[in-house]
């Protein structure tokens, strides 16, 4: 078995994704968010520090728990903002511009949030995938997993394991095509999450943005 500590998967893309979610929160008017926009960034910043520390010292259990907490916080905040946005449509209190900007921000947030969940949950999470060294089984059938060992070796992918960008691409496809384009979904929990993500994407794009355009 490959020693994962000798080749750790970089975590900065996942951290940047969470910080980007906090930044997108600033695009929402206060009436469509739970408190001031800077609160979420502050909470994320405070929790990211011990998360990175746990990663550095090799405390995978603490790192995993804090990661779940971070992702749960941004998920709850996104759902709350989406609920407020849908509730605000009949009242016509929000300007068309605010509706469009909010819908776009929530659409991008939806991609980043679910990419984080796929990355954290697939095959036991990033730490578990590193311990295995080679990714052979999981909730998603990536194209690299279907190659035979000789082909992988020739392509330099004999120790391939999915990173955050792979899950980000998967989440992007789910929000745009409402289905995975190159990676079939194998597990039930992943199918359930992708259904929720596609539903949120449909709500923000087809309902909210369309309503904003109609009243311009």
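Here are a few things to note about the model shown:
- Highest-fluctuation residue, 196, 46, 21 considered, GNM on the chain with Cα pairs under 10 Å: 46
- Using C-alpha pairs under 8 Å with a sequence gap of at least 6, the mean separation divided by the residue count of segment 10-77 gives a relative contact order of 32 percent.
- Two-decimal log10 I(q)/I(0) for segment 10-214, as the Debye equation yields it once each C-alpha is a single scatterer, q = 0.16 Å⁻¹: -1.04
- Between residue 179 and residue 128, the modelled label-to-label distance comes to 2.8 nm, taking each label 7 Å out from Cα in the direction of the beta carbon.
- Extension gain, residue 68-residue 187: 0.36 nm per intervening residue step, less the Cα-Cα distance, totals 40.9 nm.
- Ranked 94, 157, criterion: other C-beta atoms within 10 Å, fewest first: 157, 94
- Kirkwood Rh (inverse of mean 1/r, distinct Cα pairs), segment 95-216, angstrom: 15.7
- Pairwise FRET efficiency - residue 196 versus residue 86, Cβ, R0 = 22 Å, nearest 0.05: 0.90
- Gap separating the Cα centres of segment 61-92 and segment 142-156, nearest whole Å: 38
- Helix-only CD estimate at 222 nm, as mean residue ellipticity for the chain, using -39500 (n - 2.57) per DSSP H run (n ≥ 4): -20500 deg cm²/dmol
- Square roots of 5 times each gyration tensor eigenvalue, C-alpha, segment 25-131, largest first, Å: 32, 14, 9
- Mean separation of Cα contacts under 8 Å, 6 or more apart, over the residue count of segment 10-214: relative contact order %: 24
Readers should treat all values here as calculations from the given coordinates under stated rules, not as data from a laboratory. Everything numeric here is computed off the predicted structure, so don't read it as measured data. Note: ideal-geometry Cβ built from the backbone for every residue, glycine included; neighbour counts use all protein chains shown.
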